[in-house]
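Notes for the one structure printed next.
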Number of protein chains: 2
Amino acid sequence: MLALAGLPLGLEFVFFTDRDDDCGSALGDTIIAPYTDEPALLDVASRCDAITFEFENVPAGSVRFLAERVPVRPGPSLLEVAQDRIDEKRMLVDAGVATPAFAAVDSIESLHAAVDKVGLPAVIKTRRFGYDGKGQRVLRSADEIDSAWEELGSYPLIAEALVPFVRELSVIAVRSAAGETRVYPLAENHHSGGILRTSIVPAPNLDAEVRAEAHAIAERIMERHDYVGVLTVELFEFVDDRAAGPRLMANEIAPRVHNSGHWSLDGAVTSQFENHVRAVAGLPLGDCSARCACVMENVIGEPPDVRAVLAEPNAKLHMYGKSPREGRKLGHITRLGLELPAP
Amino acid sequence: MLALAGLPLGLEFVFFTDRDDDCGSALGDTIIAPYTDEPALLDVASRCDAITFEFENVPAGSVRFLAERVPVRPGPSLLEVAQDRIDEKRMLVDAGVATPAFAAVDSIESLHAAVDKVGLPAVIKTRRFGYDGKGQRVLRSADEIDSAWEELGSYPLIAEALVPFVRELSVIAVRSAAGETRVYPLAENHHSGGILRTSIVPAPNLDAEVRAEAHAIAERIMERHDYVGVLTVELFEFVDDRAAGPRLMANEIAPRVHNSGHWSLDGAVTSQFENHVRAVAGLPLGDCSARCACVMENVIGEPPDVRAVLAEPNAKLHMYGKSPREGRKLGHITRLGLELPAP
């Protein structure tokens, strides 16, 4: 989708993948090798004016190796941070962003101590390589600590307070190589089974101060890390009955385009994919405004009834060409509203 | 662009081309052979559930051969008609559509007779294979007849009255396999040197009766030919100071998506490419409404200043990956208006 957004801008793409069935490879030359293969990395570096990555589980060392030779946007620092939930939370705290209480866990003793610290209910997650709710477990009582340790204890873990938020939001922002920042309308996200099901954009009934807080969070993180490209911050929103203080906590970041921004393909003047590519290529950013209200629904596990979807007057279907598998994101449907709700 | 519109609908594509550098080939299997190669045609037929073509200068005999084996949409009849300007004009007349006066020319004598019939100024065109103003010459006086014959007389020709129209419009319509018809907002088209430069959509200050007349023309042609897919009719609009009668004349048809519909990629709920693919695949049609007013400008001959275009807040750039050449369409820019003008 990044290449599809960049080709019409006159850009050319070289793909580097460790899988020989990679779907992007039809849109440009493809280098297939392990991500740590140094000759392949040198080949990539020699053929590109700028480099980006489309998921965050690429080896940070390889990204650093590339970044010494050619601009890698975003750079390796926030990528590395985003690969470890403890580093990520510490980065947020350092940036002055509120987060749920958290503690690192590397033994059954530290798990007990962590639960004491963050309270119950808590959620235990692997520090690395989790996605779509994989490698996570909710603890509702101290009785469950031992079985949680048995299940997940072979990995470095994080314990986080399960905070009583009202809803989950995400803010997607983009920063250009020249340092300009733009922010998409916030999304309200609904998950089920740990997987994003639906995003509503713009998030309905959003207080202006909460919106401003979300913008400030994204901008603060990007400025501190001289970030270039699209950054996503998943946020928890709280009702305004706490003591004066932030209404948002950050859950996690993604140093890339994000599923909750897929609405922008049909609903924004400039999609998140195009804006990421513009930023990486050192081009001016595009307008992040929504052209209409959108509801994005993921197609998960099973193919949709294509005929029924296309018969809806305002539905835009995006299938990814993946074979069906339980829990797999096969595509998404964006339903376009007729007009934006009043701000 | 047809494949790019169809892949997200879950469709798969096989390309048949006689050029080994064809740009669409990256998006699906490609069969490269002369268009008249019978084994290749049989291979194509065996691998497709439905077939379409993206330009009209494919051999009609090959299309007929395919159509005996698998649905070809649109079918060969209107394709064949569109390949010959005389057949095209006769088809329009048969469908009750007004056209400029015309006459077939195959000798210097018939050229003189044709100019007598259609009057001066007249335009002389090759009957076949003309595009972007190639193979055309305007005659303003009888003195120019002999030199026009010297220039073009080795081809079968048509002489047409050069009618004093107010502006050129185009109507793009789509008809589904189930016989449903939808029509895009009309475009006002501006040419220079025989090449489309700019389309403004919706055509400003369009009388409702002219719009209805354009819709009726497109629908009448599609119904008579049991047409499936996108059809374009280029129209001349006249001011309302003639005797009561049609305000539109048809200039030519294109049995395919059309340059004056490229705005629909960014400006319509469903692009002309997606709707053509939907029709060919037997799927329901999408909404043809404009989401905003659009001005589409072709990028011709030389690459644009990409940075300057992208710095415009409402400009969408679409480069086609073609190398620059004088008069060649290298891409287009669609500028999105903030809102639709009042109807």
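Per-structure values
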{"item": "Residue in the range A:246-256 that is open to solvent by 20 Å² or more (accessible area, probe 1.4 Å), within 25 Å of A:Pro8 (Cβ to Cβ) and more than 11 Å from every other protein chain (Cβ to nearest Cβ) present", "result": "yes"}
{"item": "Candidates A:Ala279, A:Ala308 - the one that is within 12 Å of chain B (Cβ to nearest Cβ), surrounded by 15 or more Cβ atoms within 10 Å (Cβ to Cβ) and outside any loop (DSSP other than H, G, I, E, B)", "result": "A:Ala279"}
{"item": "Residues within the range B:57-84 that are buried (at least 20 other Cβ atoms within 10 Å of the Cβ) and not small (Gly, Ala, Ser), tallied", "result": "9"}
{"item": "In the range B:205-243, the residues that are among the aliphatic types (A, V, I, L, M), under 22 Å from B:Leu79 (Cα atoms) and surrounded by 19 or more Cβ atoms within 10 Å (Cβ to Cβ)", "result": "B:Ala214, B:Ile217, B:Ala218, B:Ile221, B:Met222, B:Val228, B:Val230, B:Leu231, B:Val233, B:Leu235"}
{"item": "Residues satisfying the stated conditions in the range B:315-327, i.e. surrounded by 15 or more Cβ atoms within 10 Å (Cβ to Cβ) and either without any contact (Cβ under 8 Å) to a residue 24 or more places away in the chain or within 7 Å of chain A (Cβ to nearest Cβ) (or both)", "result": "B:Ala315, B:Leu317, B:His318, B:Met319"}
{"item": "Per-region count, the range A:290-319, residues modelled with pLDDT under 95 and closer than 29 Å to A:Glu12 by Cβ", "result": "1"}
{"item": "Members of the range B:112-132 that are open to solvent by 30 Å² or more (accessible area, probe 1.4 Å) and under 29 Å from B:Val58 (Cα atoms)", "result": "B:Arg127, B:Arg128, B:Phe129, B:Tyr131, B:Asp132"}
{"item": "Subset of the range A:265-280 [in contact with a helix residue (DSSP H, G or I) (Cβ under 7 Å, 6 or more places away or on another chain) and within 17 Å of A:Ala177 (Cα to Cα)]", "result": "A:Gln272, A:Phe273, A:Glu274, A:His276, A:Val277, A:Arg278"}
{"item": "In the range A:20-49, the residues that are farther than 17 Å from A:Pro74 by Cβ and within 14 Å of chain B (Cβ to nearest Cβ)", "result": "A:Asp22, A:Cys23, A:Gly24, A:Ser25, A:Ala26, A:Leu27, A:Gly28, A:Asp29, A:Thr30"}
{"item": "Residues located in the range A:33-48, provided they are open to solvent by 20 Å² or more (accessible area, probe 1.4 Å) and more than 25 Å from the chain's Cα centre (by Cα)", "result": "A:Asp37, A:Glu38, A:Pro39, A:Leu42, A:Asp43, A:Ser46, A:Arg47"}
{"item": "Those residues of the range B:151-204 which are of a type outside the set (Gly, Ala, Ser), open to solvent by 10 Å² or more (accessible area, probe 1.4 Å) and in a loop (DSSP other than H, G, I, E, B), in sequence order", "result": "B:Tyr155, B:Pro156, B:Leu162, B:Val163, B:Pro164, B:Phe165, B:Val166, B:Glu180, B:Pro185, B:Pro202, B:Pro204"}
{"item": "So A:Asp143, is it in contact with a Gly (Cβ under 8 Å, 6 or more places away or on another chain) and charged (D, E, K, R)", "result": "no"}
{"item": "Given (1) within 14 Å of chain A (Cβ to nearest Cβ); (2) modelled with pLDDT of 95 or more, number of the condition B:Phe236 does not satisfy", "result": "(1)"}
{"item": "Index of the failed condition, A:Pro8 passing every other in (1) more than 14 Å from chain B (Cβ to nearest Cβ); (2) assigned to a helix (DSSP H, G or I)", "result": "(1)"}
{"item": "Filter result for the condition that a residue is under 21 Å from the mean Cα position of the chain (by Cα), of a type in the set (S, T, N, Q), open to solvent by 20 Å² or more (accessible area, probe 1.4 Å) and more than 14 Å from chain A (Cβ to nearest Cβ), over B:Thr17, B:Thr52", "result": "B:Thr52"}
{"item": "Qualifying positions in the range A:282-298 - open to solvent by less than 10 Å² (accessible area, probe 1.4 Å), over 18 Å from the mean Cα position of the chain (by Cα) and more than 9 Å from every other protein chain (Cβ to nearest Cβ)", "result": "A:Cys294"}
{"item": "Positions within the range A:88-111 being open to solvent by less than 60 Å² (accessible area, probe 1.4 Å) and closer than 28 Å to A:Ala212 by Cα, in sequence order", "result": "A:Glu88, A:Lys89, A:Met91, A:Leu92, A:Ala95, A:Gly96, A:Val97, A:Ala98, A:Thr99, A:Pro100, A:Ala101, A:Phe102"}
{"item": "Neighbours by Cβ (under 7 Å, 6+ apart or cross-chain): first from the range B:148-165, on the phi < 0 side of the Ramachandran plot; second among the small types (Gly, Ala, Ser) and part of a helix (DSSP H, G or I)", "result": "B:Ala159/B:Ala114"}
{"item": "Where A:Leu231 falls short, out of the listed (1) within 9 Å of chain B (Cβ to nearest Cβ); (2) in a strand (DSSP E or B); (3) closer than 30 Å to A:Arg47 by Cα", "result": "(1)"}
{"item": "Neighbours by Cβ (under 6 Å, 6+ apart or cross-chain): first from the range B:257-269, modelled with pLDDT under 95; second assigned to a strand (DSSP E or B)", "result": "none"}
{"item": "Failed criterion for A:Glu213 (all others in (1) of a type outside the set (Val, Ile, Thr); (2) farther than 18 Å from A:His258 by Cβ; (3) in a loop (DSSP other than H, G, I, E, B); (4) in contact with a Leu (Cβ under 9 Å, 6 or more places away or on another chain) hold)", "result": "(3)"}
{"item": "Test set (1) touching a helix residue (DSSP H, G or I) at 6+ places or on another chain (Cβ under 6 Å); (2) touching a residue at least 60 places away in the same chain (Cβ under 8 Å) - A:Arg224 fails condition number", "result": "(1)"}
{"item": "Helices (runs of 4 or more DSSP H) wholly inside the range A:16-128 containing at least 2 residues that are touching a residue at least 60 places away in the same chain (Cβ under 8 Å)", "result": "A:76-82, A:85-94"}
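The values are calculated or read from the model by the stated rules, or taken from the named source; none is laboratory data. Quick caveat, the model's predicted, so the values are computed rather than measured. Note that we place each Cβ from the backbone using ideal geometry, even for glycine, and neighbour counts take in every protein chain shown. Quick note on the areas: whole protein, heavy atoms, side chains included, nothing else; ligands and nucleic acids left out. Shrake-Rupley method; radii C 1.70, N 1.55, O 1.52, S 1.80 Å.
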